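The values are calculated or read from the model by the stated rules, or taken from the named source; none is laboratory data. Quick caveat, the model's predicted, so the values are computed rather than measured. Methodologically, a virtual Cβ is constructed for each residue, glycine included, from the backbone with ideal geometry; neighbour enumeration extends over all protein chains shown. Note: accessible area is taken over every heavy atom of the protein model, side chains too, but ligands, DNA and RNA are not part of it. Shrake-Rupley method; radii C 1.70, N 1.55, O 1.52, S 1.80 Å.
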Amino acid sequence: MAFSAKTPRSLIKSDLPSPIHRKFRKPKFLYFSNRRKTHQISSTQPQQQLSFLNTNSLNSSDPNSHLHLLCINGKLQEALNYLDSIQELQIPLDEDTAIGMVRLCEWKKAFEEGSKVYFYVSNSSNCLSLRLGNAFLSMFVRFGKLGDAWYVFGKMLERDVFSWNVLISGYAKKGFFDEALCLYHRMLWVGFKPDVYTFPCVLRTCGAVPNLERGKEVHVHVIRFGFEADVDVINSLITMYVKCGDLPKARLLFDKMARRDRISWNAIISGYFENGEYLEGIRLFFKMREHWFDPDLMTMASVISACESLGDERLGREIHGYVIVTGMSADVSVCNSLIQMYFSLGCWETAEKVFDRMEWRDVVSWTAMISGYENNVLPDKALDTYRMMELHGFVPDEITLASVLSACAYLGKLDMGIKLHELAKRTGFISYIIVANTLVDMYSKCKCIDKALEVFHSIPDKDVISWTAIILGLRLNNRCFEALIFFRQMKVSLKPNSVTLVSVLSACARIGGLMCGKEIHAYALRTGMALDGFLPNALLDMYIRCGRMGPAWNQFNSQKKDVSAWNILLTGYAQRGQGKLAVEFFNRMIKSNVSPDEITFIPLLCACSKSEMVTEGLKYFNSMELTYGVTPNLKHYACVVDLLGCAGQLEEAYEFIQEMPIKPDAAIWGALLNACRIHRQVELGEFAAQRIFESDRRSVGYYVLLCNLYANSGKWDEVAKVRKMMKDNGLVIDPGCSWVEVKGKIHAFLSGDDFRPQINEINALLEGIYEKMRLAGLGGPKCDSMDGVEISRAEIFCGHSERLAVAFGLINTVPGTPIWVTKNLYMCQSCHSTIKFISKIVRREISVRDTEEFHHFKDGICSCGDVEILGKALTNRTSERN
């Protein structure tokens, strides 16, 4: 007989010490009278199990009779005290009395007391009778003490089918399915014939594994022993087959049943639902009604869940009506299923009505509302409902906490998230992995990545979701190097899913990790995940952001071309300032019968703005609602302001804002401020800045724009004031950082980092280039035409880290190899001129992607056309960085 590592390994030998014997001291004397009775042991309720004792025959002068009476009256502690007393008098203990005490302990769930009774009995004899052994066996199985039950089983002189049934069910309930099946076969081998109670337990075990071959074998035994007409056994067979995925066999059994009960219908209906055959399950539900079987609460809960899975609102409302007519709407579980169904269908108002009409609610009801709001992107309502739940005195469970934490993450409610974290610690729910994973996500999205790492490292058994959450969190907090390191660690012990790969590809795209992205692409192809979910579009996005339009087109042509794929490629053209190509691609999208969405027009308008295609941009904006049925939102209005402003039409841009049908946000005023900076319109720029700081004082990009506006106009006192505002508000500018990939490895360079390996070689190379620039009359990186303020401003808002990355690439690659650099800040005029010169003298193609666009340098010419570089379009800094 095979046993798992968790299975008790006691052998069936009576001379071995019992694991219970170590718990109690041995009494001085103990006698046990093994007088047999002919009555059958009852298997009904515990109180009924004690009713076989005939109180009329009890003699108060008989200690055993008095002990019987105490057991009948449920006085366990008095019975134990009395048992101690009669042992001192060496009075033998009657078997019926012992059985009564055992059943009383089982009824009161008193394990320690039951173990004490067993200790007294086992010391009087090395063996147990059938009836007493079955009583102890049932008690220990009820307590989940399989080791003790196994020891009792071994001490029994004889056993019956009940003994085997109890032990088999005990192992099955504790999840030891293989051991339960082995016990069943052992039972057959020693010659016991299974009964009507054996097969349901064994068949449930086969379904739980699931093991269809074993199930079929048991089915043969059912026929062999003549139980093929028993309704309970056939119901168990149906359940086993549906759990093992063999619906045709289950349906065949169901159709051949001469007599069915409600459980038969529930088994086959739920079986179809569990195997995704929702429509056939619904048909059987209506057929059940035709056969005059009334569904019970279990039936209705599964039917409501099927309506949810089908996404059929009309059918769901019809079922809801039936629930009301039959009076089941008073049941909490049915109402909870209705709430979940309506939220899943997007009918959250109807879900609210169901919730409000409930006479009483449980924690599942509140959790259904909170998670429903959170899934329907109504986080404010989720938090309000949680506060109401607390006021009504309900204690949240782990699902509640996870849902509320998700709402906090969406809203950035760090304070409330910290309180929920403390609550999870106090209640012990922090041990649930769903709570820990959601905490990692919450802290990551609230920009507390170190706290997220602390929670992550405290999780003992991390799953795929744990790793994915921390990888995505590191990416969101611009710690992409660490995200890649964690991904490699994860692959040692777990297989990542498509969501994990999407998160890692985002990190690769952020720092230009092309080779790492290609490795993930190859891994996705090997594992068959290359077409899963959003992964094809994530691969396309990675190639676009790494500047590889050729591989991006290959990926685009090999995948499903949904609107997201078109949008990603359109964004690639916008980042390169290729307005005409973007327009041509958009027209091709329309001819391919792909309807644009609201996202489509953002890169399209940005491409028109960068190429100064004002007329075309306005045409597409005006056609959004009329031609394509897309209502412009704040982002589209910001694009139009940028379109007009960058073209020098500041008055038109301001009038456009004034005539907007919706209230402008900080991003729209930021677009106007950027245009004022470009064209040095201080007064209008100050007005835009005032509007911005009324609603947003935390975004660094707006302060940078205002600084540059004043600096371009020579207002250095105002620059100092803005810098002081930033300092007072605790705002700092991220240090310049650039990444370059050399031989498949990504290298990072921080501004002013003088401790990197090869830093001396890098500085020597750059000094040589600066000398050549001066000899060529270009003045070097800090020419006389740049005043001190301009140089300081470039140091702060650029950092020049891309120069270090380019020099490192030149040193460590063979001549002629293209160099690809990604940067977290904008590129200043000085760096732009320097890299232009480098590309000419070394005859290399150099690409630098800053926060706004790609700069492709070749033979001293940049793809941007040498338009004004300094701080261009820094409005994008306020949104999530690319």
When all protein chains stay in place, what accessible area (Å², nearest 10, 1.4 Å probe) is found for LYS249?
70
The range 828-854 residues near the modelled VAL814 label - backbone nitrogen below 16 Å, point 7 Å along Cα→Cβ:
844-845
Accessible area expressed per residue, the range 572-630, with surrounding protein chains retained (probe 1.4 Å, Å²)
49
Express the carbon and sulfur contribution to the solvent-accessible surface of the range 478-560 as a percent, rounded to the nearest whole number, probe 1.4 angstrom.
58
Local electrostatic count at THR438 - Lys and Arg +1, Asp and Glu -1, tallied over other residues with Cβ under 12 Å:
-2
Given H placed on each backbone N at 1.01 Å, which residues far from ASP195 in sequence or on other chains put an amide H within less than 5 Å of it?
none
Please calculate the 1.4 Å probe accessible area of ARG142, with all protein chains present, and give it to the nearest 10 Å².
130
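So what's the projected area for the range 535-613, the Cα convex hull averaged over all directions, in nm²?
Quarter of the Cα hull surface area: 4.6 nm².
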When a/c is below 1.5 the answer is rounded, else prolate if a/b is larger than b/c, else oblate, so apply that to the range 572-630 with a ≥ b ≥ c taken from the square roots of the Cα gyration tensor eigenvalues.
oblate
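Using only the Cα atoms of the range 374-424, build the gyration tensor, take square roots of its eigenvalues as a ≥ b ≥ c, and label the shape rounded, prolate or oblate: rounded if a/c is under 1.5, else prolate if a/b is larger than b/c, else oblate. Let's see the in-between values first.
Working: a/c = 1.59, a/b = 1.18, b/c = 1.35.
In terms of gyration-tensor shape, oblate.
Ranked from the most accessible area to the least, with a 1.4 Å probe and all protein chains present, what is the order of VAL141, VAL814? List each step's numbers first, then the result.
Details: VAL141 25, VAL814 100 Å².
Descending order: VAL814, VAL141.
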In terms of modelled amide H atoms, which long-range or inter-chain residues lie less than 5 Å from the amide H of CYS347?
none
Considering the alpha-carbon set of the range 297-365 alone, what are its Rg and its Dmax in angstrom?
10.6, 29
Report the normalised scattering of the range 490-538 as log10 I(q)/I(0) at q = 0.16, 0.22, 0.27, 0.28 Å⁻¹, calculated by the Debye formula with identical scatterers on the alpha carbons.
-0.39, -0.74, -1.08, -1.15
Principal axis extents for the chain, Cα atoms only, whole Å, descending order, please.
121, 64, 51
Using the basic label-point model (7 angstrom from Cα toward the beta carbon), what is the TYR82 to ASN275 distance in nanometres?
5.7
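Extension gain ASP450-ASN73, at 0.36 nm per residue separation less the Cα-Cα distance, in nm? Each step should come with its number before you reach the end.
On the way: separation 377, 0.36 × 377 = 135.72 nm, distance 6.06 nm.
Stretched fully, the ASP450-ASN73 segment lengthens by 129.7 nm.
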For the pair ARG262 and TRP189, what calculated FRET efficiency results from E = 1/(1 + (r/R0)^6), where r is the Cβ-Cβ distance and R0 = 30 Å, to the nearest 0.05?
0.25
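I need the shape label for the range 633-733. Rule: rounded when a/c is under 1.5, else prolate if a/b > b/c, else oblate, with a, b, c from the alpha carbon gyration tensor.
Details: a/c = 2.38, a/b = 1.44, b/c = 1.66.
Oblate shape, in that a/c is at least 1.5 and b/c is the bigger or equal ratio.
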List the residues, sorted by chain then number, that are 5 or more residues from TRP820 or on another chain and whose placed amide H is less than 5 Å from its amide H.
GLU741, SER847
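Ordering ARG103, ARG526 by accessible area with a probe of 1.4 Å, largest first, what comes out?
On the way: ARG103 10, ARG526 170 Å².
Order by accessible area, largest first: ARG526, ARG103.
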Compute the accessible area per residue over the range 633-733, keeping the other protein chains in place, probe 1.4 Å, unit Å².
47
Measure up LYS116/LYS145; LYS173/LYS243; LYS772/LYS836; LYS413/LYS451; LYS491/LYS518; LYS745/LYS836 against 18 Å on the Cα-Cα distance and list the ones that go over.
LYS745/LYS836
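Relative to the compact-globule scaling 2.2 N^0.38 Å, provide the ratio for the alpha-carbon radius of gyration of the range 414-500.
Normalised by 2.2 N^0.38 Å, the Cα Rg of the range 414-500 equals 1.04.
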Once VAL190, VAL325 are ranked on solvent-accessible area with the largest value leading and a 1.4 Å probe, the list reads VAL325, VAL190
So for the pair ARG283, SER863, with labels modelled 7 Å out along Cα→Cβ, what separation do we get in nm?
5.7
